[in-house]
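J.: Sharing a structure here in structure tokens format.
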Amino acid sequence: MNPILSIIIPCYNSESTLESTLESVISQDFQDWEAIIINDGSTDTTEEIALRWVEKDKRFRYFAKPNEGLGKTRNFGIERSNGEYILPLDSDNQLMKDFTQEAIAVFEKNQDIGVVYGDAEYFGEKIGLWEVAEYDLKKILANNYIDACAIFRKKVWAAVDGYDENIPHQGHEDWEFWIALGVLNVKFHHLNKITFKYFVSKDSMIRSYTFEMLLLNYDYISNKYSKQYQKFYRDVYLSFEKNEIKYDNNLKSEKFVIDLFFSTFFGFSIFGLYKIKKN
């Protein structure tokens, strides 16, 4: 009989954190799960650690493949999963023991909900609480504030053809995924509690980003969802009655509206069409 939940764990040189991550999986209150560990071309002892856990508990499954990045690796695991619900889990994060049980209960009671997520607790080089807001497509377009460590119905992943594998630089796959689900009006449910521990390290992938890499990813996402950016930020700026900038005609240009957004919220222009005049 197939498990209800599939936990997808991509790994790349994860020997220092994988044990604790897998320990948090096996310690869940909810036990009807499978955990798919995907070794994305690691050169350390990740495979040895993963195989020990497979031997310890047959609910762990292991795959190894050449390094292809986070988006492709998550899709690889989900394609081989058997659960109705999917939980992506980075190999350095840790689940709180009651998260999956509470999330599955929410899904079972509310068939219209597609995603369940919660707050996080930082550990590692940073400690504290990461409080996450309710899902809002307008907010998520401006900035990703929901981590990949959320549970969603597998069918909503299929509806958007999975994680986008064409983003120029890995690390924003979850942001694009949340936008894609919002465009389809998928309903999100926020558990107002800590659902996982988020590991902070100076060696994390996102900290290796250069400005140029960020720019390429923002450009890719803003172009892919240009209609949503245009619709939303046109409404926002038309509500600013005190704004004396004359751009009504320019709002007909999708590129102008995207530039308006990035100039205001991120301080730079994608296409060089909009510049704020300072007094």
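J.: So, in nm, how far is label residue 126 from label residue 192 when the simple model puts each one 7 Å beyond its Cα toward the Cβ?
T.: Roughly 2.4 nm, to one decimal.
J.: I'd like the distance between the alpha-carbon centres of the stretch 165-217 and the stretch 6-26, rounded to an integer number of Å.
T.: Computed from Cα coordinates, the inter-centre distance equals 19 Å.
J.: Turning to a different aspect of this structure: Modelling each spin label as a point 7 Å along the Cα-to-Cβ direction, I'd like the residue 23/residue 1 distance in nm, to one decimal.
T.: A separation of 3.1 nm, rounded to one decimal place.
J.: Next up: Note down the net charge around residue 129, summing +1 for each Lys or Arg and -1 for each Asp or Glu among other residues with Cβ under 10 Å from its Cβ.
T.: -3
J.: Using modelled backbone amide H atoms (1.01 Å from N, in-plane), which distant-in-sequence or interchain residues come within less than 5 Å of residue 44's amide H?
T.: Result for residue 44 returns 13.
J.: Evaluate the distance, in nm, between pseudo-label points positioned 7 Å from the Cα of residue 65 and of residue 134 along their respective Cα→Cβ axes.
T.: 3.8
J.: Heavy-atom accessible area per residue, the stretch 51-163, 1.4 Å probe: how many Å²?
T.: Here the residues of the stretch 51-163 average 46 Å² of exposed surface.
J.: Continuing with the same structure: How charged is the neighbourhood of residue 60? Take every other residue with its Cβ under 10 Å from the Cβ of residue 60, and add Lys/Arg as +1 and Asp/Glu as -1.
T.: Its environment carries a net charge of +2.
J.: What is the pair-distance distribution P(r) of the stretch 77-222, computed from all Cα-Cα distances in 5 Å bins starting at 0, with each bin given as a whole percent?
T.: Cα pair-distance distribution for the stretch 77-222, in percent: 2, 9, 18, 22, 22, 17, 8, 2, 0.
J.: Counting Lys and Arg as +1 and Asp and Glu as -1, what is the net charge of the other residues whose Cβ lies under 9 Å from the Cβ of residue 120?
T.: -3
J.: I've got another one for you. Rounded, prolate or oblate: pick one for the stretch 83-149, where a ≥ b ≥ c are the square roots of the eigenvalues of its C-alpha gyration tensor, a/c under 1.5 means rounded, and failing that, prolate if a/b is larger than b/c, else oblate.
T.: The shape class here is oblate.
The values are calculated or read from the model by the stated rules, or taken from the named source; none is laboratory data. Note that the coordinates shown come from a computational prediction; the quantities given were computed from them, not determined experimentally. Backbone-built Cβ (ideal geometry, glycine too); neighbour counts: all protein chains shown. Heads up: the accessible areas ignore ligands, DNA and RNA and are worked out on the full protein's heavy atoms, side chains in. Shrake-Rupley method; radii C 1.70, N 1.55, O 1.52, S 1.80 Å.
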